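What follows is a short report on a single structure.
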Amino acid sequence: MEHTAVKDLLNATSIGTSAIAKGWVRTKRGNKNVAFIALNDGSTIHNLQLVVDPNRFSEDLLKSISTGACIRAKGLVVESKGSGQATEMQVEELLVYGEADPETYPLQKKGHTLEFLREIAHLRPRTNTFGAVLRIRHHLAFAIHKFFNERGFFYLHSPIITGSDAEGAGEMFHVTNFDLDKIPHTDEGKIDYSQDFFGKETNLTVSGQLEGELGAMALGKIYTFGPTFRAENSNTPRHLAEFWMIEPEMAFYEISDNMDLAEEMLKYLIRYALDTCYDDISFLNNMYDKELLARLQSVVEQPFRRLTYTEAVGILEPCNQQFEFKVEWGTDLQKEHENFLVDHFKGPVILTDYPTQIKSFYMKQNEDGKTVRAMDVLFPWIGEIIGGSQREEHYDKLLARVREIGIAEESLWWYLETRKFGACPHSGFGLGFERLVLFVTGMNNIRDVIPFPRTPKNAEF
């Protein structure tokens with residue numbers, strides 16, 4: 001007989017059936033007449049209560065079952081006599097796969113801080129909190145593929161190793177197979193990358209956007225979804241060195257089409273999470289953030305407010321005395337400014353038409369000569385969750401911007417060349433996956449929404 005997931009055994013339809021459950025012990029309590037074991041296998045936030053008659057099993061077997069142990073139980077699923085669950089199992093057979101020494105197992109019944117759990121990332125998925133977060137993360141990832149597939153997008157696998165810096169911002173991890181004790185140099189004393197594995201300097205990607213644009217120029221609508229890397233020495237609750245990005249690119253999309261897609265996608269993903277992960281989100285709502293469910297529902301139900309950067313500055317400037325960083329036209333907006341705008345409009349905001357000098361080289365230049373067709377989606381509590389733009393399709397304008405910023409043209413020859421052969425209006429954006437998971441789960445630190453976070457001085461697991 002195959003075992004049945006705890007999630008399915010908790011359904012009333014399983015009452016009266018003989019079943020096998022496998023999982024890890026969360027708690028064990030009882031007396032000489034009866035023992036109650038809370039079993040969880042990760043399929044749900046809820047535990048299956050096992051009702052055990054101590055007289056049917058050896059004392060040594062029962063003693064070996066403690067919090068953290070992995071066991072197999074066979075028995076009859078019956079209607080629960082206690083509150084909190086519809087069913088329980090009257091155990092007929094017990095097998096211990098692996099014991100957990102109660103003296104050393106770190107996840108006991110008492111509460112643990114999130115900071116402590118980061119130190120035992122190999123075990124924290126067994127907690128209610130991280131089980132919930134990881135299930136939500138899975139369902140959001142699935143929903144992303146579902147959303148794009150239903151709308152005729154093609155999933156493009158952009159490279160992780162790249163010879164270009166998509167953002168023009170540096171702070172990249174280098175990729176090499178050099179013996180670091182014997183790095184070859186040219187006659188001028190510079191590193192001789194011609195002898196490296198790829199014959200040139202290469203890095204871990206910060207974005208799949210540029211390659212995504214190439215795919216859109218052939219397939220029409222594509223999206224990438226993969227890991228990206230930034231060697232930024234930042235220890236804030238919002239930054240990771242390794243994170244995942246969703247980056248759609250669409251041929252023939254103007255900036256308004258781009259905004260429509262971003263809003264539709266975010267609402268779809270949050271609605272999917274509410275429909276699919278309600279128990280997990282409810283747990284996190286009760287445990288960490290009492291406003292989580294209401295905030296998610298609000299985002300789904302209301303239209304996003306759209307305004308230009310210039311209009312936003314007009315709202316922010318009169319309130320400069322409230323800010324740590326003063327606002328004037330041409331300055332990059334900080335998180336405090338983004339939060340102010342979201343609070344001002346009581347919901348998500350999409351800002352467009354930013355000053356050219358504070359945005360990336362590939363963004364389409366407006367006729368005013370001062371702004372570009374950029375697009376940032378600002379969310380309650382999170383701040384910027386999506387950044388995107390209509391892309392510059394004119395070769396001369398794009399080349400001039402590349403030279404103005406000082407990006408090496410030879411590293412982007414292929415990207416520039418697409419503007420020579422059948423260029424068209426096109427747009428795209430990037431959604432930081434961890435920021436989405438952060439918003440949906442209500443967690444406070446981005447290190448708590450990825451299984452094994454990579455941050456400065458931290459690559460333990």
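List of remarks:
- Matching residues in region 264-290 - criterion: being outside any helix (DSSP H, G or I) and either surrounded by 17 or more Cβ atoms within 10 Å (Cβ to Cβ) or free of Cβ contacts under 8 Å to residues at least 12 places away in the same chain (or both): Cys277, Asp289, Lys290
Per-residue answers, yes or no, for (1) more than 17 Å from Ile385 (Cα to Cα); (2) surrounded by fewer than 21 Cβ atoms within 10 Å (Cβ to Cβ); (3) of a type in the set (A, V, I, L, M); (4) free of Cβ contacts under 8 Å to residues at least 60 places away in the same chain:
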{"position": "Thr205", "(1), (2), (3), (4)": "yes, no, no, yes"}
{"position": "Leu210", "(1), (2), (3), (4)": "yes, no, yes, no"}
{"position": "Phe225", "(1), (2), (3), (4)": "no, yes, no, no"}
{"position": "Thr228", "(1), (2), (3), (4)": "no, no, no, yes"}
{"position": "Glu254", "(1), (2), (3), (4)": "yes, yes, no, no"}
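- In the set (1) without any contact (Cβ under 8 Å) to a residue 40 or more places away in the chain; (2) exposed (fewer than 15 other Cβ atoms within 10 Å of the Cβ); (3) touching a Lys or Arg at 6+ places or on another chain (Cβ under 8 Å), Arg124 fails one condition alone, (2).
- Cβ pairs under 9 Å, 6+ apart, first in region 432-443 and without any contact (Cβ under 8 Å) to a residue 12 or more places away in the chain and farther than 19 Å from Asp376 by Cβ, second open to solvent by 10 Å² or more (accessible area, probe 1.4 Å) and in a loop (DSSP other than H, G, I, E, B): none
- Looking only at residues of region 1-35 that are loosely packed, with under 15 Cβ neighbours inside 10 Å and assigned to a strand (DSSP E or B), we find that the one that is farthest from the chain's Cα centre (by Cα) is Gly30.
- Selection status of Val6, farther than 22 Å from Lys110 by Cβ and out of contact with any Pro (no Cβ under 6 Å at 6 or more places or on another chain): yes
- Filter pass, Ser80 being at pLDDT 95 or above, of a type in the set (Ser, Thr, Tyr) and open to solvent by less than 50 Å² (accessible area, probe 1.4 Å): no
- Which numbered condition Met375 fails, given (1) farther than 30 Å from Glu336 by Cα; (2) in contact with a Leu (Cβ under 8 Å, 6 or more places away or on another chain); (3) not β-branched (Val, Ile, Thr): (1)
- Matching residues in region 183-222 - criterion: being closer than 15 Å to Ala251 by Cβ and outside any helix (DSSP H, G or I): Gly220, Lys221, Ile222
- Checking every residue in region 397-419 against the condition of being in contact (Cβ under 8 Å) with a residue 12 or more places away in the chain, under 17 Å from Leu316 (Cβ atoms), buried (at least 17 other Cβ atoms within 10 Å of the Cβ) and touching a helix residue (DSSP H, G or I) at 6+ places or on another chain (Cβ under 7 Å) gives zero matches.
- Taken as a whole, the condition of being farther than 27 Å from Glu247 by Cβ and without any contact (Cβ under 8 Å) to a residue 60 or more places away in the chain does not apply to Ile358.
The values are calculated or read from the model by the stated rules, or taken from the named source; none is laboratory data. Computed from a predicted structure; not experimentally measured. In this analysis, Cβ positions are derived from the backbone assuming ideal geometry, glycine residues included, and neighbour counts consider all displayed protein chains. When the accessible area is computed, the model is the full protein with side chains, heavy atoms only, and any ligands, DNA or RNA have been set aside. Shrake-Rupley method; radii C 1.70, N 1.55, O 1.52, S 1.80 Å.
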